[in-house]
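Asker: My questions will all concern the structure given below.
The values are calculated or read from the model by the stated rules, or taken from the named source; none is laboratory data. Computed from a predicted model, the values in this text were never measured in an experiment. Reconstructed Cβ throughout: ideal geometry from the backbone, glycine too, with neighbour counts over all protein chains shown.
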Amino acid sequence: MMDIRTTALLAGDASGQLLSLSADISFWGGVDPCSGRIIDTRHPQYGQCMAGKILVMNRSIGSSSGSSVLLELFQRKLAPAGIILAEPDFIIVLGAVVAREMGYGDIPVIQLNPEHFDGLPECLEISRSGSLKAVHKQ
Amino acid sequence: MQLSDSEQAMLDGQAGVATAMAMRIITEMGRVSGAEKMIPVSSAHIDSCLFHGASGVEFAERLVAEKGRVCVPSSLNVGALDLLHPEKIRLPDPQRGLARRLMNAYVALGCIPSWTCAPYQAGFRPKCGQDIAWAESNAVVFANSVLGARTNRYGDFMDICCALTGRAPYTGLHIAANRFATVEVDTGQLSNALKRSDAFYAVLGTWLGSTVGSDIAVITGLPGDVSEDRLKALGASAASSGGVALFHVAGVTPEAPSLEAALNHRPPQQRFCLTTGDLVSVRDRMSTTDRDQLDVIAVGSPHFSLDEFQRLLALLDGRKCAVPIYACTGRHVLHQLESHGLLGTLSSAGVELIVDTCVVVTDVFPKTSGVMMTNSGKFAHYSLSLTGHEVVFGSLEDCANSAVTGRVVRDEQSWR
């Protein structure tokens, strides 16, 4: 168990490989809803796929359609396994809340001070209480 | 969160299943944002009518099946189809059919078929201080900044849930104390010639979004008579390159009678003094290619106003375009163009109107790759990933001149 204080914005448990975004992203226009890949060619993680990963990012930027793109990822079973945000980003949280309402899936969204981002392990488990644990690569 | 009796009744299903579902979603969002209560909103602008996949259709049709009905005036953002000129949109089936079902569903929920991302220029103008629930990032920033109405940067789904309940969580920019600037941006060193160029406002917005993220800035040194279309361009760019939901312009926007008032008489946490060099480097990054052979020109993000069409026609000055200019707009402007007798002039000049939608949200361009020139910071931001077209950014004048020659023509004068 890592001793890091997190806030569970949406409680849930998940584990997966980390995908850490080094720049902010707009889900709409930045993420392909049909594949989960980052399609913004100017983004440092261009080409990476977020399906099944623990997505770590500061916040989303840009379009309010981001919630729709996230919901579509859920319906296609391409959503991240969990999301760690530096800020309580409502466009991201909303996509996850509506996915629960529609019965598409249930992932944790937690808030974490970004000074801890660099120290996160490659594979991570998030518990319902929002605690983080390093796990071995799956 | 404390709910009123009528809000609790909505949550309990007394206003129907659709309203209860909407209330559950906004209550959950209110909890996440730490809101203590809900507040009434006087209008909504709905972005959820734009097709992104089957999930959005399923959501909207569930609300329709459960007899959902909006309870405040709710304008609709662009959809993925031009309902007036369906042949102009190349979106194939099954997406095309789904996009149409989605647009129909939102009309069935009682929303107004305005189909524009510039509702504030289509007669939907909330008053200063009014609480509203708007989505579409450029509409949000315009409503907050230029009109002084109060909305958070609502995402898809939240917009319709607020419209169905007439409520929003009391948080963020609904709270007056959260609307003051913490960042000061001084444009005093920039030349007046630069500030007279329309491209400057899209570039300033792109700089703002990528520099302040979602913080609130107050900009000083802009002309007191800066037009609404220029503030529209500034806001749209800032909301695409960052998460900007509100900016102030000292002496211009309603919550900034002065620099000090916008800052709530506190010193700014950050202060920037812009140089021409800062902006030139941002402007250069807005283009993704050095190629100068153009395939298309696109304008109208946010949707072009009548004034902008008149400027475009004046700049073309009777010349015909060698590459087509796709001009995106709403039907409110189409009607104005019609009554001014300008439709024929635009068409014979080579300007192709795209109504109810725009070139980056659906398939319009004849090819799936190429080079597009635009004066829109928002198109510049999204074009490559959404249309496959490389971007050349320029002023409206540059776009008009380039359309005529088919190659990039730029006036660099004011950027020196």
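Asker: So which of A:54, A:38 is farther than 20 Å from residue B:378 by Cα and among the β-branched types (Val, Ile, Thr)?
Answerer: A:54
Asker: Tell me yes or no: at least one residue of the range A:30-39 is among the acidic types (Asp, Glu), part of a loop (DSSP other than H, G, I, E, B), within 14 Å of chain B (Cβ to nearest Cβ) and within 28 Å of residue B:60 (Cα to Cα).
Answerer: For the range A:30-39, residues among the acidic types (Asp, Glu), part of a loop (DSSP other than H, G, I, E, B), within 14 Å of chain B (Cβ to nearest Cβ) and within 28 Å of residue B:60 (Cα to Cα): present.
Asker: Taking only the range B:179-213 into account, find how many residues are under 16 Å from residue B:414 (Cβ atoms), of a type in the set (S, T, N, Q) and surrounded by fewer than 18 Cβ atoms within 10 Å (Cβ to Cβ).
Answerer: Residues in the range B:179-213 being under 16 Å from residue B:414 (Cβ atoms), of a type in the set (S, T, N, Q) and surrounded by fewer than 18 Cβ atoms within 10 Å (Cβ to Cβ): 3 in total.
Asker: Considering only residues that are modelled with pLDDT under 95 and touching a Lys or Arg at 6+ places or on another chain (Cβ under 6 Å), which ones fall in the range A:65-88?
Answerer: A:87
Asker: Out of everything in the range A:61-89 that is of a type in the set (Gly, Ala, Ser) and at the interface with chain B (Cβ under 7 Å from one of its Cβ atoms), what residue ends up being surrounded by the most Cβ atoms within 10 Å (Cβ to Cβ)?
Answerer: Ranking the candidates gives A:64 first.
Per-residue answers, yes or no, for (1) assigned to a loop (DSSP other than H, G, I, E, B); (2) away from chain A (no Cβ under 14 Å); (3) within 16 Å of residue B:152 (Cα to Cα); (4) free of Cβ contacts under 8 Å to residues at least 60 places away in the same chain:
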residue: B:173; (1), (2), (3), (4): no, no, yes, no
residue: B:201; (1), (2), (3), (4): no, yes, no, yes
residue: B:204; (1), (2), (3), (4): no, yes, no, no
residue: B:208; (1), (2), (3), (4): no, no, no, yes
residue: B:211; (1), (2), (3), (4): no, no, no, no
residue: B:218; (1), (2), (3), (4): no, yes, no, yes
residue: B:229; (1), (2), (3), (4): no, yes, no, no
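Asker: Take residues that are in contact with a Lys or Arg (Cβ under 9 Å, 6 or more places away or on another chain) and among the hydrophobic types (A, V, I, L, M, F, W, C) and tell me which of the strands (runs of 3 or more DSSP E) falling wholly in the range A:89-138 contain 1 or more.
Answerer: It comes to A:109-112, A:123-126.
Asker: Could you give every pair whose Cβ atoms fall below 6 Å, whose first residue belongs to the range A:98-111 and is facing another protein chain (nearest Cβ under 10 Å), and whose second residue is among the small types (Gly, Ala, Ser) and assigned to a loop (DSSP other than H, G, I, E, B), counting only separations of at least 6 or pairs across chains?
Answerer: As it stands, the answer is A:99/A:105, since those pairs meet every condition given.
Asker: Quick check on the range B:338-347. Is at least one of its residues touching a residue at least 24 places away in the same chain (Cβ under 8 Å) and either within 14 Å of chain A (Cβ to nearest Cβ) or of a type in the set (Lys, Arg) (or both)?
Answerer: Scanning the range B:338-347, I find no residue that is touching a residue at least 24 places away in the same chain (Cβ under 8 Å) and either within 14 Å of chain A (Cβ to nearest Cβ) or of a type in the set (Lys, Arg) (or both), so the answer is no.
Asker: Another one. Within the range A:79-87, identify whether any single residue is assigned to a loop (DSSP other than H, G, I, E, B), touching a residue at least 24 places away in the same chain (Cβ under 8 Å), charged (D, E, K, R) and under 17 Å from residue A:20 (Cα atoms), and answer yes or no.
Answerer: Looking for residues that are assigned to a loop (DSSP other than H, G, I, E, B), touching a residue at least 24 places away in the same chain (Cβ under 8 Å), charged (D, E, K, R) and under 17 Å from residue A:20 (Cα atoms), one finds at least one in the range A:79-87, hence yes.
Asker: I've got another one for you. Identify, from the list B:48, B:55, the residue that is facing chain A (nearest Cβ under 10 Å), closer than 29 Å to residue A:31 by Cα and in a helix (DSSP H, G or I).
Answerer: B:55
Asker: Here is a further query. Among the residues of the range A:8-22, is any modelled with pLDDT of 95 or more and in contact with a His (Cβ under 8 Å, 6 or more places away or on another chain)?
Answerer: Yes, that holds for at least one residue.
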